[in-house]
Amino acid sequence: LPGTELATYYDDLAAEFGLAIDPVGPNFGTEHLLDVLADSATLASLVGEQTRLLWPTHYDLRRIPLHDPTPVYPHSLIWHRDNSHPALATLHHHLASIRSRRRDTGIWTPAWATRQA
């Protein structure tokens, strides 16, 4: 929706890389999306590398990794100090280890997204 953080992210992504992003729905599901992509020479979609998609070979679709820079949505992990759920420390440790491994790689986040420990 316009005015949301997600819309701002995609607006900034489009401006930075010269993309035209169509936020219009409705969403008819993955099969419809793949049909639309297969019928177009100019449309593309962004999906994560671990997203499982199966499509018929006659679609002739390809996955092209995006890197240097890799577009990354700026997520935050926030929880209340009184929340003593045993998995929170493990989750925080895991996310911190991923962040440190990817810090030197080429990533893109919008200018308004700041990285804080």
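The values are calculated or read from the model by the stated rules, or taken from the named source; none is laboratory data. Given the structure is predicted, the values throughout are model-derived calculations rather than measurements. Cβ: placed from backbone, ideal geometry, glycine included. Neighbour counts: every protein chain shown. Accessible surface areas use protein heavy atoms only, side chains included; no ligands, DNA or RNA. Shrake-Rupley method; radii C 1.70, N 1.55, O 1.52, S 1.80 Å.
Those residues that are open to solvent by 70 Å² or more (accessible area, probe 1.4 Å) and small (Gly, Ala, Ser), I need them from region 19-39; list them, please.
Correct list: ALA20 only.
May I ask you to list the residues in region 71-85 that are under 15 Å from GLU49 (Cα atoms) and out of contact with any Ser or Thr (no Cβ under 7 Å at 6 or more places or on another chain)? Before the answer, list the steps.
Here is the first cut: in region 71-85, the residues under 15 Å from GLU49 (Cα atoms) are 71-73.
Across region 71-85, the qualifying residues are PRO71, TYR73.
Out of the residues in region 51-62 that are of a type outside the set (Lys, Arg) and assigned to a loop (DSSP other than H, G, I, E, B), which is modelled with the lowest pLDDT?
We begin by selecting, within region 51-62, every residue of a type outside the set (Lys, Arg); these are 51, 53-61.
Now narrow it down to the ones that are assigned to a loop (DSSP other than H, G, I, E, B): 51, 53-56, 60-61.
Values: THR51: 84, LEU53: 82, LEU54: 81, TRP55: 77, PRO56: 80, ASP60: 86, LEU61: 86.
Applying the filter and picking the extreme gives TRP55.
Every residue in region 44-62 that is aliphatic (A, V, I, L, M) and surrounded by fewer than 10 Cβ atoms within 10 Å (Cβ to Cβ), please. Before you say what the answer is, go through the steps one by one.
First pass over region 44-62, keeping only residues aliphatic (A, V, I, L, M): 44, 46-47, 53-54, 61.
Matches in region 44-62: LEU54 only.
Look through region 6-16, keep the residues that are without any contact (Cβ under 8 Å) to a residue 12 or more places away in the chain and surrounded by 12 or more Cβ atoms within 10 Å (Cβ to Cβ), and return whichever of them is nearest to PRO71 (Cα to Cα).
Checking each candidate, the answer is ALA14.
Listed residues PRO69, PRO65; which is in contact with an Asp or Glu (Cβ under 8 Å, 6 or more places away or on another chain) and at pLDDT 85 or above?
Working: PRO69 fails: in contact with an Asp or Glu (Cβ under 8 Å, 6 or more places away or on another chain).
Result of the check over PRO69, PRO65: PRO65.
Select, from LEU33, LEU43, the only residue that is in contact with a helix residue (DSSP H, G or I) (Cβ under 7 Å, 6 or more places away or on another chain) and either of a type outside the set (Phe, Trp, Tyr) or more than 26 Å from GLY106 (Cα to Cα) (or both). Even if it seems obvious, please write down each step before you answer.
Values: LEU33 fails: in contact with a helix residue (DSSP H, G or I) (Cβ under 7 Å, 6 or more places away or on another chain).
Residue meeting the stated conditions: LEU43.
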